[in-house]
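Asker: Following this message is one structure expressed as structure tokens.
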């Protein structure tokens, strides 16, 4: 771990948020958070009073490919340095509190932060606390704002690694953008109308070839148009179905 984060905190106003973990007890949780950071495009890991992170131990074992960069490049800092050099967002469970009972109120959800953080012109850090008690009230009082994951009112407390993973997932647009994920076909490209019309014509021919009752054919075609309209077929899907229906139309004539 490196020990001089001042240059990184001041290098640019709009960098992806850093992830700060305060006084984690389990090396495995640190590794889990590093892995989640790698999954969702975050790289700057800050550790306040961390446990020992043995390269042959639990943290590196849980980190996956983050063992190659995120975890070994983590920076150990003090809590004072964190709150003095970053716009801090404390991630904590809020158990139906209001402005009379909670030390910090109101709070944002991770999804709301994803919309707002691009306008924050300061180095930003998402701050996660201890496994058992999270961030103390004294620490929360020094943090700029609070983030909480919506969860069951009966049991809103999440495991440290889970909370970080959910939060980073919701904020992935800050690092990966719209085109940086592995998911293919995010926006479906509808087949040309001419291809869809040929599919409908082929269905009509199949109904005739099968001697489907003539008085029911119009109703059946309307049903098929509704079904395929909801499916929003791609060109490949439409052409595949067209080939199958054409083949089915030809088989009765062959026999």
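The values are calculated or read from the model by the stated rules, or taken from the named source; none is laboratory data. Because the structure is predicted, anything quoted here is derived from the model rather than measured. Here Cβ is always computed from backbone atoms with ideal geometry, including for glycine, and neighbour counts include all displayed protein chains.
Asker: Taking only region 199-255 into account, find how many residues are assigned to a loop (DSSP other than H, G, I, E, B) and more than 35 Å from the chain's Cα centre (by Cα). Working first, answer last.
Answerer: Of all residues in region 199-255, those assigned to a loop (DSSP other than H, G, I, E, B) come to 210-213, 232-233, 255.
With more than 35 Å from the chain's Cα centre (by Cα) added as a condition, the list becomes 210-213, 255.
The qualifying residues number 5.
Asker: Okay, next question. Find the residue count for region 93-121, including only residues that are at pLDDT below 85, within 20 Å of residue 139 (Cα to Cα) and either under 24 Å from the mean Cα position of the chain (by Cα) or part of a helix (DSSP H, G or I) (or both).
Answerer: 5
Asker: Identify, by number, the condition in (1) in contact (Cβ under 8 Å) with a residue 60 or more places away in the chain; (2) surrounded by 15 or more Cβ atoms within 10 Å (Cβ to Cβ); (3) more than 16 Å from residue 87 (Cα to Cα) that residue 110 doesn't meet.
Answerer: Result: residue 110 passes all but (3).
Quick grid of which residues meet (1) more than 23 Å from residue 39 (Cα to Cα); (2) modelled with pLDDT of 85 or more; (3) exposed (fewer than 15 other Cβ atoms within 10 Å of the Cβ):
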{"position": "133", "(1), (2), (3)": "yes, yes, yes"}
{"position": "144", "(1), (2), (3)": "yes, yes, no"}
{"position": "165", "(1), (2), (3)": "no, yes, no"}
{"position": "168", "(1), (2), (3)": "no, yes, no"}
{"position": "177", "(1), (2), (3)": "no, no, yes"}
{"position": "180", "(1), (2), (3)": "no, no, yes"}
{"position": "189", "(1), (2), (3)": "yes, no, yes"}
{"position": "197", "(1), (2), (3)": "yes, yes, yes"}
{"position": "204", "(1), (2), (3)": "yes, yes, no"}
